[in-house]
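See structure below.
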Amino acid sequence: MKVLLTGGGTGGHIFPALSLWRHLKARSEGASVLYVGTEQGLESRLVPEAGLPFASIHAAGLRRDLSFDAVRTLATTYRGYREALRVVRDFRPDVAVGTGGFVALPVMYAATKLGVPSVIWEGNARPGLTNRLLMRRVDAVAVCFPESEALFPHAKRVVFTGNPRASEVVDVSAEDKRKALDKYRILRDQRVILIVFGSRGSETANQVVASILPRFADHPAWRVLFVTGERHFEAIRDKVGPLSRNVTLHPFISDMPALLAHVDLMVSRAGSSTLAEICALGVASILVPSPYVTANHQEENAMQLARAGAARVIREADLTPDGLWNEICSMMEGDLGEVRARARRFGRPDAVRRLGDLVLEVAEARRT
């Protein structure tokens, strides 16, 4: 089986696609893959690093206003579509899967134009423009939130699968979990607080967290790991100076699934993959949705959990040192077990299998 994958711009589009491929490769002997993205997107680095063949096309995010920039992005998208037609014809995939981001629009449009069985996956509670434009053309739409099914009224088929990243964190080996305890100096009786605002960090949220770090010295039973993002690390380190032994700064954490297995409370953004991971493991969370994403979709993601009592939400505009500190103390000194149990109810640890089943079913249906 030949699988064409596309999706890019952020890790929230790329990592689920990579998780899906690892699963499909294990299930389908002799399966091959081609990942299509842009040279400017994060996928141009992450996909080759993961060992997948990569092809690039031109793409740009569509604009909703009438302007010169809107015309230019439309022209770029059409150019990408023509390039994608050549890529699809050359590769001749048995199935195409798009995981979002503007590059997926010309690629998936080309795949459906050429009659390739197709699936799009939507990670957020509120679908992005790319997937809304593609819903009529593809064979099936996979979603991560049950409430999202109603937002694809013109799709041929909508299936609730969950986020493949949930399966990744559940399958971490016992050895990797043990190594994480040693690497991050987590003592036997400590409870772990992980603070991270996406892979790149957030200057605004980082400054708020930096101002409360000294307060953790009074709570030695809490182990605090603050991931600043690489571009913010030196500035935060210089600002906070020496910290108590139970608090450490990190520019980036590469073995996040192994660490998450030990986390009691996470303070984070509300991207789809992050929520999938914490819910699969039943991690309590304080979510600070990014206000800088399209259609404010992270806030909608976060509110899905907050309404069920599975997380607490602080909008970035309302984020203050005292407010954040009070929420952390309230959760750490309250009934974390109940919050974790509610989060786990949202978890779909079998998400990658469910999505894999759908992709294989769509591919097989066209053969019969």
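So the values come out like this:
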quantity	calculated
Residues (surrounded by 23 or more Cβ atoms within 10 Å (Cβ to Cβ), over 17 Å from Ala60 (Cα atoms) and either of a type in the set (A, V, I, L, M) or at pLDDT below 95 (or both)) located in the range 34-48	Val47
Qualifying residue in the range 326-334 (condition: buried (at least 19 other Cβ atoms within 10 Å of the Cβ) and in contact with a Pro (Cβ under 7 Å, 6 or more places away or on another chain))	no
Extreme residue, most open to solvent (accessible area, probe 1.4 Å), among residues of the range 288-310 that are among the β-branched types (Val, Ile, Thr) and modelled with pLDDT under 90	Thr294
The range 159-170 - residue that is out of contact with any Cys (no Cβ under 9 Å at 6 or more places or on another chain) and open to solvent by 30 Å² or more (accessible area, probe 1.4 Å) and, of those, farthest from Ala221 (Cα to Cα)	Val159
Pairs, first within 18 Å of Ser285 (Cβ to Cβ) in the range 165-194, second in a loop (DSSP other than H, G, I, E, B) and open to solvent by 50 Å² or more (accessible area, probe 1.4 Å), C-beta under 6 Å, six or more apart	Ala166/Arg348; Ala166/Pro349; Val170/Pro349
Among residues of the range 171-221, those that are under 21 Å from Leu324 (Cα atoms), at pLDDT below 95 and open to solvent by 40 Å² or more (accessible area, probe 1.4 Å), counted	4
Whichever residue in the range 227-264 is of a type in the set (D, E, K, R) and open to solvent by 30 Å² or more (accessible area, probe 1.4 Å) and, among such residues, is nearest to Ser211 (Cα to Cα)	Lys239
The one condition in (1) under 22 Å from Ala363 (Cα atoms); (2) under 19 Å from the mean Cα position of the chain (by Cα); (3) surrounded by fewer than 16 Cβ atoms within 10 Å (Cβ to Cβ) that Lys156 fails to fulfil	(2)
Qualifying positions in the range 49-75 - open to solvent by less than 40 Å² (accessible area, probe 1.4 Å) and modelled with pLDDT of 90 or more	Leu52, Ala55, Ile57, Ala59
Val107 vs. criteria among the aliphatic types (A, V, I, L, M) and part of a helix (DSSP H, G or I)	yes
Residue in the range 121-138 that is most open to solvent (accessible area, probe 1.4 Å), counting only those that are over 16 Å from the mean Cα position of the chain (by Cα) and among the aliphatic types (A, V, I, L, M)	Leu133
Options Gly162, Gly198; residue that is under 30 Å from Lys239 (Cα atoms) and under 17 Å from the mean Cα position of the chain (by Cα)	Gly198
Qualifying residue in the range 98-120 (condition: surrounded by 13 or more Cβ atoms within 10 Å (Cβ to Cβ), touching a residue at least 24 places away in the same chain (Cβ under 8 Å), over 27 Å from the mean Cα position of the chain (by Cα) and under 18 Å from Val138 (Cβ atoms))	yes
Residues that are part of a helix (DSSP H, G or I) and either β-branched (Val, Ile, Thr) or open to solvent by less than 50 Å² (accessible area, probe 1.4 Å) (or both), drawn from the range 76-97	Thr76, Thr77, Gly80, Tyr81, Glu83, Ala84, Leu85, Val87, Val88, Phe91
Search result, residues across the range 1-38 that are in a loop (DSSP other than H, G, I, E, B) and out of contact with any His (no Cβ under 9 Å at 6 or more places or on another chain)	Met1, Gly8, Gly9, Thr10, Ser28, Glu29, Gly30, Ala31
Enumeration of residues in the range 139-153 that are surrounded by 24 or more Cβ atoms within 10 Å (Cβ to Cβ) and not in a strand (DSSP E or B)	Cys144
Pairs with Cβ under 7 Å, 6+ apart, first in the range 239-261 and of a type in the set (Ser, Thr, Tyr), second open to solvent by less than 30 Å² (accessible area, probe 1.4 Å)	Ser244/Phe216; Thr248/Leu225
Pair list, Cβ < 7 Å and 6+ apart or interchain, from the range 71-83 residues that are within 17 Å of Leu133 (Cα to Cα) to residues that are part of a helix (DSSP H, G or I)	Thr77/Leu105; Thr77/Pro106; Gly80/Pro106; Tyr81/Pro106; Tyr81/Tyr109; Tyr81/Ala110
Glu230 being of a type in the set (D, E, K, R), out of contact with any strand residue (DSSP E or B) (no Cβ under 8 Å at 6 or more places or on another chain), more than 30 Å from Pro127 (Cβ to Cβ) and modelled with pLDDT of 95 or more	no
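The values are calculated or read from the model by the stated rules, or taken from the named source; none is laboratory data. Not measured: the values here are computed from a predicted model. Note that we place each Cβ from the backbone using ideal geometry, even for glycine, and neighbour counts take in every protein chain shown. Please note that ligands, DNA and RNA were not included when accessible areas were found on the heavy atoms of the full protein model with its side chains. Shrake-Rupley method; radii C 1.70, N 1.55, O 1.52, S 1.80 Å.
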